[in-house]
Amino acid sequence: MSRQSNRTTDSKKMNSELFTLTYGALVTQLCKDYENDEEVNKQLDKMGYNIGVRLIEDFLARSSIGRCQDFRETADVIAKVAFKMYLGVTPSVTNWSPAGDEFSLILENNPLVDFVELPDNHNTLIYSNLLCGVLRGALEMVQMAVDVRFVQDTLRGDNVTEIRMKFIKRIEENLPAGDE
Amino acid sequence: MYGMLFSIRSFVSKMSPLDMKDGFLSFQTSKYRLHYYETPSGLKFVMNTDLSVSNARETLQHIYSNLYVEYIVKNPVCVLGHNLDSELFSSRLDAFIRALPYYSPRAA
């Protein structure tokens with residue numbers, strides 16, 4: 001019994017290390033290609049967006065979660081189901097704005113940044129910016145326009161990683177141009 | 001067809017006295033039944049069957065999770081929103097439909 005559980009945790013650790021290393025190689029290559037932190041941040045966001053618009057379909061298919069009734073429910077689903085499913089961590093949802101349209105996700109540990117240290121010449125680089133793009137792309141496919149930013153990052157010396165999400169508006173479904 | 005489905009869907013949601021759970025499921029005429037499944041991401045699945053099939057919702061859900069997501073979404077070459085261009089998807093979908101219990105080629 002214990003041998004079986006060892007095997008499953010080992011295979012999970014193996015996958016996450018490969019993932020972390022792959023992400024690191026990706027960011028490193030982007031830095032070499034663009035040589036400008038702002039450009040790299042933008043590219044990571046764009047790549048994240050492209051991942052997000054597809055990831056949402058996989059998420060909906062695997063979790064069979066229906067439509068969320070409000071932004072609070074969305075926040076809970078993102079933190080407790082989505083992050084758990086894809087990154088194996090469960091951030092906490094805090095710092096709700098009084099209007100209920102903005103909240104923070106606090107990540108104690110970010111699997112993307114295992115083994116990572118930012119060198120001094122890259123202090124405007126948002127290493128995990130891919131996550132912002134993913135969240136933005138995924139929510140856009142469920143008709144929510146949001147703004148996602150990092151406000152704290154353990155790589156830049158903060159204690160935790162904090163992602164701030166702000167609801168901008170509901171995207172209305174457009175009817176395609178009539179071609180009948 | 002989109003206009004018709006959109007109208008039926010908004011009609012159903014307005015008519016529903018309580019919180020609408022699944023929304024519009026299917027409609028039937030004297031000749032066929034149209035089954036409808038919509039994902040929260042706005043993707044719409046439509047299947048037309050004869051009148052003997054009462055509930056194809058699970059079938060459509062299966063097509064979404066196991067065929068569409070696997071063969072179209074996860075394929076970077078397939079552009080979402082354009083025509084579904086994957087041979088693999090078409091052949092798997094075909095095999096799946098033929099294997100359904102209520103599918104039977106009718107003798108001409």
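No value in this document is a laboratory result; all are computed from the given coordinates. Source: prediction; values computed, not measured. Glycine also receives a Cβ, built like all others from the backbone with ideal geometry; neighbour counts cover every protein chain displayed.
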field: Whole-angstrom gap from the stretch B:34-108 to the stretch A:24-38, using each part's C-alpha centre
entry: 40 Å
- line: Quotient of Cα radius of gyration and Kirkwood radius for chain A, i.e. Rg/Rh, equals 1.00
statement: Taking Cα pairs closer than 8 Å and at least 6 residues apart, the relative contact order of chain A in percent is 25 percent
task: Pairs of Cα atoms under 8 Å, at least six residues apart: use those to get the relative contact order of the stretch B:35-105, whole percent.
output: 21 percent
Segment A:Asn109-A:Lys32, length gained on full extension (0.36 nm per residue, minus Cα span): 25.1 nm
Two-site label geometry, A:Trp96 and A:Asn15: point separation in nm, points 7 Å out along Cα→Cβ: 3.3 nm
task: May I ask you to compute the full-extension gain from A:Val77 to A:Arg156, defined as 0.36 nm times their residue separation minus their alpha-carbon distance, rounded to one decimal in nm?
output: 25.7 nm
message: Please compute the contact order of the stretch A:99-174 in relative form: average sequence separation of alpha-carbon pairs under 8 Å and at least six residues apart, divided by the residue count, as a percent.
response: 39 percent
message: Against the 2.2 N^0.38 Å scaling, with N counting residues, where does chain B land? I'd like the Cα-based Rg ratio to two decimal places.
response: 1.18
task: Express in nm, to one decimal, how much length is gained between A:Arg149 and A:Ile171 on full extension, taking 0.36 nm for each residue of separation and deducting their alpha carbon distance.
output: 5.9 nm
field: Which of B:Val77, A:Val27, A:Val151, B:Val12 has the fewest Cβ neighbours within 10 Å, and the rest in rising order
entry: B:Val77, A:Val151, B:Val12, A:Val27
- line: Ranked from fewest to most other Cβ atoms within 10 Å of their own Cβ, B:Thr39, B:Thr29 fall in the order B:Thr29, B:Thr39
message: With the crude spin-label approximation of a point 7 Å out along Cα→Cβ, what separation in nm comes out for B:Asp22 versus A:Asn123?
response: 5.9 nm
